[in-house]
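A.B. asks: A single structure is presented below for examination.
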Amino acid sequence: MEADRDDLLLRRFRLCRADIIATLGESALPPSPHSLRLLGDLQLAIMATEAAIRDKSNAGFCKEYRERVAA
């Protein structure tokens, strides 16, 4: 069940990024530097979350993480 939830989250993140690109492309005006900075920050957060989801599904990573926490 958790793997299904993780797959769903990863698909939603891909759609979120696609929506961002589509929205930027629809505007006749170029994005402001502030908007680009905010979008970059959002992209980094999405990528970090995706990586955390993938790491969680990696049994080797989870084992190593638990061993480090226990040490």
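A.B. asks: Quick one: what pairs do we get from segment 1-14, first residue over 15 Å from Lys56 (Cα atoms), second surrounded by 11 or more Cβ atoms within 10 Å (Cβ to Cβ) and aliphatic (A, V, I, L, M), C-beta under 6 Å, 6+ apart or different chains?
C.D. replies: Phe13/Ile46
A.B. asks: Kindly indicate whether Asp55 is over 20 Å from Ala3 (Cβ atoms) and either of a type in the set (Asp, Glu) or assigned to a helix (DSSP H, G or I) (or both).
C.D. replies: No; evaluated as a whole, the condition is false for this residue.
A.B. asks: What residue, among those in segment 40-69 that are in contact with a Leu (Cβ under 9 Å, 6 or more places away or on another chain) and not charged (D, E, K, R), is surrounded by the fewest Cβ atoms within 10 Å (Cβ to Cβ)?
C.D. replies: Thr49
A.B. asks: Restricting attention to segment 1-55, report how many residues are closer than 25 Å to Tyr65 by Cβ and small (Gly, Ala, Ser).
C.D. replies: Residues in segment 1-55 being closer than 25 Å to Tyr65 by Cβ and small (Gly, Ala, Ser): 5 in total.
A.B. asks: Further, regarding this structure: Can you confirm whether Thr23 is modelled with pLDDT of 85 or more, of a type in the set (Val, Ile, Thr) and either in a loop (DSSP other than H, G, I, E, B) or surrounded by 11 or more Cβ atoms within 10 Å (Cβ to Cβ) (or both)?
C.D. replies: Numbers: modelled with pLDDT of 85 or more: no; of a type in the set (Val, Ile, Thr): yes; either in a loop (DSSP other than H, G, I, E, B) or surrounded by 11 or more Cβ atoms within 10 Å (Cβ to Cβ) (or both): yes.
So Thr23 fails the test.
A.B. asks: Looking only at segment 26-39, count every residue that is part of a helix (DSSP H, G or I) and either in contact with a Ser or Thr (Cβ under 6 Å, 6 or more places away or on another chain) or surrounded by 10 or more Cβ atoms within 10 Å (Cβ to Cβ) (or both) and tell me the total.
C.D. replies: The total comes to 5.
The values are calculated or read from the model by the stated rules, or taken from the named source; none is laboratory data. As the structure is a computational prediction, the values presented were derived from the model and not from experiment. So basically every Cβ, Gly included, is an ideal-geometry build from the backbone, and we count neighbours across all protein chains shown.
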